Amino acid sequence: MNKAITEGLVLMPPAFAEGLDQWSRGDGTPGSDTYDSAPNAAFVPADADFGGCLEIQKADTVQKLRYMGQTPILPGCYLEVRARVKAVSGNLPTVRIAAWAGTAGEQHLDGVPETGPEVTLTSYGEIVEIRAIIGTGARPGVDMPWGRDAIYAHIGLDLTGPNGGIVRIDDIAVEDVTGVFLRDMLGFVDVRDFGALGDGVTDDSAAFEAADAAAAGLVVKVPAGSYFLGDSVTFENRVEFEGTVTMPDDKILSLTKNFDLPAYIDAFGDEVLAFKKAFQALLNNSDHESLDMGGRRISVFEPIDMQAAVANRSQYAQRRHIRNGQFYVEPSSAWDTQVVTSVASYSPNNPLELTNVQNVANIPVGALIEGGGVGREVYVREKNVAQQRITLSMPLYDAAGTQNFTFRRFKYVLDFSGFEKLSKFSMSDIEFLCRGRASGILLAPAGLIFHVKDCFFTSPADRAITSPGQGCQGMLIDRCQFLSNETAMRAQDRVSIALNANANDVKLRNNRITQFRHFAVLGGTSSIITGNHWFQGDDEPEGVRTAGLILTSTHNRATIAGNYIDNCSIEWSNEHDHEPEFSNEFSFSGLNISDNVFQAIGVAPWFRFFVIKPHGTGHFISGLNMSGNIFRAIQGAIDRVEHVDTTFADLNYERMRNITITGNMFNSVQQGIMNPAVILHDQNTEASTWVVDCAGPLPFGGYAQNVEAIVPRSKIKNAANVGRYDIPYVATEQGPGRDQVTLNFPEPVDGTYSVTVRIDN
């Protein structure tokens, strides 16, 4: 590239033969004295070596020669100034190329070098060529780097050393030598050509912006060096980094044409810092909606505070996505769980707050809360130090009064809890390789539609995904692998949990979850859990099994369909209800469990696949569908598949409503269940009152409240073997367990009846 040709610039100064009035004895600026009629200078028309040349007798300490015309200095353009000189007589001087740097408004550009290398003449008549290169960039070989503020030069030379000597000077030549510097990077624009120094101190942000503006589709090259950017910089062209940049935390580097993590790693030289700066740009630039990690593995030594990385935003609600990479957790004490104990008070009248919290300043937001009457997966959503108050993610079921609480703050690879609200954020194709040292993702306290898909959470120490508030509203978890760090432990000894959610409309679809204590604790309603495989077994003979899926909202409205539920149970409780006793509500209702495969291997006979655990009195089931499921036990049979855990309270069986349990299959289950239950009763001896025992097939130990149908399945006959066609009347809720019905005939008869019984009304 030769800018003098491509841009039509005139670089060569006129020959001395055209007049010495164009050559200054000073700086070359307008009004300075010229060599026209100067007593110590003359034009020599026929020098044997030079032809026409200028002869000067040195009379000043620095004898200057400057062309009074303006030689243009363009960003990215490098000019070589050459002159041939020879000593004629007298003292031998020293010679150097020199120039005056001009900027806008014909002002002098101070603080830049304006002379080239010096050459001392050593003999008379010897032709010596002196040269120097002028340009905007501080490149090796550039003698006078002037930066991007210089726009022209008055070029020439200086004579220094002893006075009195006479020298002759051939016409001065100026050549565009830009190609010498760009020959190894054709098609690039170099930030050094626009004044970038790369010394780690000088603010090079203006030079970066200028290089990008001049690139016009070419790649901007950042050569080796450390470049300090004191302001935000946006590149509209592709950038190639050999050197690295540093910049304040609040300044943004936007690489709009090659926005991916490898480019930011090249730019900053540090993987974690590069990820933070790329995330900062992701939330501050409309030119890209996703960050590609480029398959890179980032070694992480401490939690990444995602909000601190983009401190100018506390809320964000535009779609943004991170994909295609791995976070590799390295050993560090920064992953240690922070544990704080404190005395605090709780009132059911203010169900989402702890008050009078001692030591509240030291209790971290996002900490798990443990204490009497605290359900599973209750977190510190926010705190107010001045008011000694903590906001909870969910209410407590039985903690009224003052007590000691324990707060455990797990450490997460990606911590979003600093945001007030984060919506429409998604991640895909990422592995969180936690290595038993760290947890995975901590959500923001509020937000909509956090989406994680096709990700691996490998060996999280405590949690894979945690919601400390309502940032899980509408959360989507699709096709992810949750691989426990506790596979070698007994099921009851495990403590890690794959995920929790407090808000509604969560979708868990087509995931695989291995051997956590719990797969998911869901506190909201209207969730869809479908296509997942979660298993929690161990090698213990007749081993204990924990709940895989825990639902804590009574009027649940969830759909659990098409899952493989392996060596664990579904537990339905109301442990996040600050008034756990029934009080004019829907109670346990709106749950659909259909077309799942339930399997258990080597469990104790008392294991159950579905458990309801009321935490207060008066509750009942008022809407449940269990249909099309397969229940199977291997290496031993189990007694039943369902159970009511009465640790805190039993159900009110008189108020059971809308329960449908049909079409299920039971393998190695001693007693299957149905509702309505069709019971075939054989009466072998004549009796006027037949007692039909319904306790086995009726679920949950419920009462035989209703009989839908009775159908004779044989001849109903008296002692004389005479058929009787009287229709018996039915009495329900008979016997001490209220789980029997009686068929009452006018006279003693025997035979077989099919009785369809329900536990609900």
Using a cut-off of under 11 Å, list every residue of segment 87-128 whose amide N is near the label point 7 Å from the Cα of Ile166 along the Cα-to-beta-carbon line.
88-90
In percent, what relative contact order does the chain have, based on Cα pairs under 8 Å that are 6 or more apart in sequence?
6 percent
With both bridge residues required to lie in segment 677-758, what share of the DSSP beta bridges run antiparallel, to the nearest 5%?
100 percent
Using alpha-carbon positions, what is the distance between the centroids of segment 312-383 and segment 59-127, in Å?
69 Å
From fewest to most C-beta neighbours within 10 Å, the residues Phe228, Phe609 line up as Phe228, Phe609
What GluC sites (Glu not before Pro) does segment 80-151 have in DSSP loop regions with at most 13 other beta carbons within 10 Å?
Glu126
Spacing of the two label points (7 Å from each Cα toward its C-beta) at Thr115 and Ser299, in nm:
5.1 nm
Can you list the residues of segment 191-205 with backbone N under 14 Å from a point 7 Å past the Cα of Leu9, pointing along Cα to Cβ?
193-195
With 0.36 nm assigned to each residue of separation and the Cα-Cα distance removed, Val343 to Asn285 gains 16.4 nm
Put in order of increasing Cβ neighbours within 10 Å, starting from the fewest, Asp212, Asp539, Asp305 give Asp539, Asp305, Asp212
Between the modelled labels at Ala17 and Ser123 (7 Å from Cα along Cα→Cβ) the distance in nm is 3.0 nm
Of all DSSP beta bridges with both partners in the chain, the antiparallel percent, nearest 5, is 45 percent
Each label point is 7 Å from the Cα along the Cα-to-Cβ direction; what then is the distance between the points at His108 and Ala308, in nm?
5.0 nm
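Which pairs in the list Lys251/Lys276; Lys221/Lys257; Lys257/Lys453; Lys277/Lys453; Lys383/Lys411 are over 20 Å apart, alpha-carbon to alpha-carbon?
On the way: Lys251/Lys276 12 Å; Lys221/Lys257 13 Å; Lys257/Lys453 26 Å; Lys277/Lys453 23 Å; Lys383/Lys411 18 Å.
With Cα atoms farther than 20 Å apart: Lys257/Lys453; Lys277/Lys453.
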List Asp203, Asp250 from most exposed to least, where exposure is judged by having the fewest other Cβ atoms within 10 Å.
Asp250, Asp203
Alpha-carbon centroid distance for the pair segment 556-617 / segment 460-488, whole angstrom
20 Å
Segment 305-449: antiparallel DSSP beta bridges as a percent of all, rounded to 5
60 percent
How about Lys717: which aspartates and glutamates have a C-alpha closer than 16 Å to its C-alpha, ignoring those fewer than 8 places off in the same chain?
Asp682, Glu686, Asp726, Glu747, Asp750
Can you give me the relative contact order of segment 184-296 as a percent, contacts being Cα pairs under 8 Å and 6 or more apart?
19 percent
Length-normalised contact order for segment 23-158 - Cα pairs under 8 Å, 6+ apart - percent:
29 percent
For the chain, what does -39500 (n - 2.57) per DSSP helix run (n ≥ 4), summed and divided by total residues, give at 222 nm, in deg cm²/dmol to the nearest 500?
-1500 deg cm²/dmol
FRET efficiency (Arg479, Asp270; Cβ distance; R0 30 Å; to 0.05) is 0.40
Full-stretch length increase - Ala317, Asp36 - with 0.36 nm per residue and alpha-carbon distance subtracted:
93.8 nm
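Where a number appears in this text, it was derived from the coordinates with a stated rule and is not lab data. Quantities reported herein were computed from a predicted structural model and do not represent experimental measurements. Every residue, glycine as well, gets a Cβ built from its backbone with ideal geometry; the counts of neighbours run over all protein chains shown.
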